[in-house]
Amino acid sequence: MTFLEYAPAPESTSILDLKTEYGLFINGEFVPGNGESFTTISPATEQTITTISCASEADVDTAVAAARRAYEKTWSKLSGTDRGKYLFRIARLVQERSRELAVAETLDNGKPIKESRDVDVPLVAAWFFYYAGWADKLDHAGLGPNPRSLGVAAQVIPWNFPLLMLAWKIAPALAAGNTVVLKPAETTSLTAMLFAEILQQADLPAGVVNIVTGAGATGSALVNHPDVNKVAFTGSTAVGRSIARSTAGTSKKLTLELGGKGANIVFDDAPIDQAIEGIVNGIFFNQGQVCCAGSRLLVQESIHDEVVDRLKERLSTLRVGDPLDKNTDIGAINSASQLGRMRELSDIGEQEGATRWSPASNLPQQGFWFPPTIFTNVSTSHRIARDEIFGPVLSVLTFRTPAEAIAKANNTPYGLSAGIWSDKGSRVLAVADKLRAGVVWANTFNKFDPASPFGGYKESGYGREGGRHGLGAYLAPAAAPKSSVVSAIMNKTPLGGSK
Ligand code: NAD
């Protein structure tokens, strides 16, 4: 250990009381799946954590039937106030078990414990608290009085924020009066299983939330099930596209939260100290495995060298290693296949002529690791400037005028997030107005709040999660009363009034 290096401060895993095998969570109980079970491993050590059941098509059918029964017999009959009580209870239980959830999330996903402890799990509780408050106020969701729930929601989530994505999906669905079948990602099902235990503790009526584990085939069986009314998917654009195709022409309501290639724009009048921290947070938070990551840095040409030098200095202080260590800044990459993609795209970056730089670091021998990486001399045609790498890799481009910054930022098939760093509020507002991105942060990055809608343009998907808009995705306007339908037909006027 050299002078001023931190001593190891590993978080203990003794708080965990994991089972050796987890079944599917259907109708309020854990049941074995009929597919072939698989193991979930720690990406930092490649050691097996536990065994997870795999849901077959028949299991998915059982789960959807349980959700349908719970919808018709229980959940849709409860008042908003009573639904809210369950959500508040879940939120409080998440807080009570927060340390355990954070340790499990870090173990299974590879993200640093300081992130799961201080970001993921607190936001999970915040999401349930927020939507608990909405459950008895649906008249104000923007769909007119007495909006209707949709029925059974099929929800498929990715591995980068396992518990947080679960909360983004389940909390608004339940608040709006729907029941749920959720499929976590195959590499990160562990915290969904702990969450199922929380649902049992909260006495949530059986079948209101069902969790089926497995890989893509299980997800496909779920979203294609004929008895689901709503599909909510977060994941890759490729799978999102196939779900859009398979749900087209059905009555299923669809929300897609897909990939991104966010631009983080730094003007020459930006507060540089804060901007450096914002750039680091934008691309190295969660090892860059963030759909809204600021993976393209657009920096004004006059300050390019200063910004890159200071970034390199800052990156040299980041600690890469054991995700359970409280001092770790960058943990493990979630899977071997994800690591392979980062390596492949970074190699292509070099082959195409960009300059690659990473700080000196001793990466562990075991597990999946990728050092924080900066590419300079990047042009807009390079694959590292166009493709989503989904890792701790920053591509630096330059611009001279605000118009050029806007043109380069929008030059992407995606449109999920962007950041603007400038001292001038008027410039921030003018630029933000022209960016085709669902979320634009000003002098900050990667800030999430349950009250704020989140979602994309173009290949980043459609629909919004969070806030009132996220609630609306699980509701439909009240059915028109029969009398108005009859009079509309007789008078040949459009429903909802004349022009
Ligand atoms: P992925 O699309 O391969 O998998 C996501 C989920 O879909 C997993 O649960 C997987 O099992 C399931 N799945 C796979 N094939 C399926 C199919 N044919 N039908 C139904 N479900 C299927 O994505 P990934 O590699 O696990 O996740 C990374 C991607 O997710 C990145 O592109 C990232 O940008 C995106 N993402 C987006 C957001 C957002 O909010 N916009 C958030 C997180 C991740």
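The values are calculated or read from the model by the stated rules, or taken from the named source; none is laboratory data. None of the values given here were measured: they were computed from a predicted structure. Neighbour counts are summed over all protein chains in view; Cβ atoms, including those assigned to glycine, are modelled from backbone coordinates with ideal geometry.
Please go through the stretch 109-131 and pick out each residue that is over 16 Å from the mean Cα position of the chain (by Cα) and buried (at least 24 other Cβ atoms within 10 Å of the Cβ). If the condition is that a residue be over 16 Å from the mean Cα position of the chain (by Cα) and buried (at least 24 other Cβ atoms within 10 Å of the Cβ), then P112, I113, Y131 are the ones that fit. With the condition kept exactly as written, say whether any residue in the stretch 124-142 is modelled with pLDDT of 95 or more, over 19 Å from T40 (Cβ atoms), in contact with an Asp or Glu (Cβ under 7 Å, 6 or more places away or on another chain) and within 16 Å of the ligand (Cβ to nearest atom). The answer is no; no qualifying residue exists.
Pick out the one residue from A217, A167, A206, A196 that is hydrophobic (A, V, I, L, M, F, W, C), surrounded by fewer than 22 Cβ atoms within 10 Å (Cβ to Cβ) and part of a helix (DSSP H, G or I).
On the way: A167 fails: surrounded by fewer than 22 Cβ atoms within 10 Å (Cβ to Cβ); A206 fails: part of a helix (DSSP H, G or I); A196 fails: surrounded by fewer than 22 Cβ atoms within 10 Å (Cβ to Cβ).
When all the criteria are applied, what remains is A217.
Scanning the stretch 168-189 for residues that are near the ligand (Cβ under 6 Å from one of its atoms) and farther than 16 Å from V290 by Cα returns K183, E186.
Can you name the residue in the stretch 147-167 that is more than 15 Å from the ligand (Cβ to nearest atom) and touching a helix residue (DSSP H, G or I) at 6+ places or on another chain (Cβ under 7 Å) and is also farthest from T179 (Cα to Cα) among such residues?
P147
In the set A263, A248, A238, A270, which member is farther than 30 Å from T50 by Cα and surrounded by fewer than 18 Cβ atoms within 10 Å (Cβ to Cβ)?
None of the others qualify; the one that does is A248.
Is it true that G496 is modelled with pLDDT under 85, in a loop (DSSP other than H, G, I, E, B) and of a type in the set (G, A, S)? Yes. Using the structure shown, decide if K447 is more than 16 Å from the ligand (Cβ to nearest atom) and not assigned by TED's automatic domain parsing to the domain that holds V119. For K447, the condition - more than 16 Å from the ligand (Cβ to nearest atom) and not assigned by TED's automatic domain parsing to the domain that holds V119 - is not met. Of all residue pairs spaced 6 or more apart or on separate chains, those with beta-carbon atoms under 8 Å, a first member in the stretch 140-155 that is under 26 Å from G219 (Cα atoms) and a second member that is among the acidic types (D, E) are V152/D227.
When restricted to residues that are out of contact with any Pro (no Cβ under 7 Å at 6 or more places or on another chain) and near the ligand (Cβ under 10 Å from one of its atoms), the stretch 220-240 contains 12. Considered as a group, the residues in the stretch 372-387 that are out of contact with any Pro (no Cβ under 7 Å at 6 or more places or on another chain) and closer than 17 Å to I279 by Cβ include one that is surrounded by the fewest Cβ atoms within 10 Å (Cβ to Cβ), and that residue is T376.
For T13, are the conditions met, namely being surrounded by fewer than 16 Cβ atoms within 10 Å (Cβ to Cβ), within 22 Å of A132 (Cβ to Cβ), out of contact with any Pro (no Cβ under 6 Å at 6 or more places or on another chain) and not basic (K, R)? When the stated conditions are applied, T13 does not pass them. Filtering the stretch 88-143 to residues that are small (G, A, S), in contact with a strand residue (DSSP E or B) (Cβ under 9 Å, 6 or more places away or on another chain) and under 30 Å from Q338 (Cα atoms) leaves only A104.
For the stretch 283-324, which positions are away from the ligand (no atom under 16 Å from the Cβ), buried (at least 21 other Cβ atoms within 10 Å of the Cβ) and among the charged types (D, E, K, R)? Within the stretch 283-324, D322 is the sole residue that qualifies. Considering (1) crowded, with 21+ Cβ neighbours inside 10 Å; (2) free of Cβ contacts under 8 Å to residues at least 60 places away in the same chain; (3) within 16 Å of the ligand (Cβ to nearest atom), say which one I333 fails and leave the rest. All conditions are met except number (2).
Consider E96 carefully, then state whether it is closer than 18 Å to N286 by Cα and surrounded by fewer than 24 Cβ atoms within 10 Å (Cβ to Cβ).
On the way: closer than 18 Å to N286 by Cα: no; surrounded by fewer than 24 Cβ atoms within 10 Å (Cβ to Cβ): yes.
No, not satisfied.
Within the stretch 249-271, the set of residues being assigned to a loop (DSSP other than H, G, I, E, B) and of a type in the set (K, R) comprises K252, K261.
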